[in-house]
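Only one structure is covered here, and it is reproduced in the block below.
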Ligand SMILES: C[S@@+](CC[C@H](N)C(=O)[O-])C[C@H]1O[C@@H](n2cnc3c(N)ncnc32)[C@H](O)[C@@H]1O
């Protein structure tokens, strides 16, 4: 069951990869850019950070970190080859290859030793993990003592127009874009 779910999630992101950024910016009315900038700016008082961005997708958060001087190195992990291909093209275009490393892998089995990173980030990826408990367990394992986990995620909205739009976005627009 867990493996099937993992495969389905990976297939969906492999299919949606070429249009993922467009849809993301369109459906969020570009606010997703601001959220990423805001997330990264919260760590600007720290120094020499070794950052792991899990579920990095097309790499926007990893790229945002890599552009900052307080960040020494960024590693982006995702299990979707196609999402990583889009990330790689953007990283090359911005000439950030020296600062960002992309790794194809599963959050549930991170290919890093214990206590490797100062900061682990996950943006809009937590809800996609087939087993959140194991995923977070793995993240904690690779974090250094006193390391930080930053989660950027939508929270469920129960009522009102925002809830209606959110359900429409999740149930209709995303599904249509995958089929199309
Ligand atoms: C909604 S996208 C978010 C991408 C990016 N972080 C962003 O902010 O736009 C979720 C990503 O999580 C990845 N993903 C989901 N489950 C994963 C897992 N178990 N291991 C690695 N990547 C996973 C998907 O392939 C996809 O690229």
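Here, each number is a calculation from the coordinates, and none is a lab measurement. For clarity, every value in this text was computed on a predicted model and none was experimentally measured. As a convention, Cβ positions derive from the backbone with ideal geometry for all residues, glycine included, and neighbour counts pool all protein chains shown.
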Just to be sure before I move on: is residue 5 near the ligand (Cβ under 10 Å from one of its atoms) and on the phi < 0 side of the Ramachandran plot in the structure I sent?
yes
Report yes if some residue within the range 41-50 is surrounded by 12 or more Cβ atoms within 10 Å (Cβ to Cβ) and within 15 Å of the ligand (Cβ to nearest atom); otherwise report no.
no
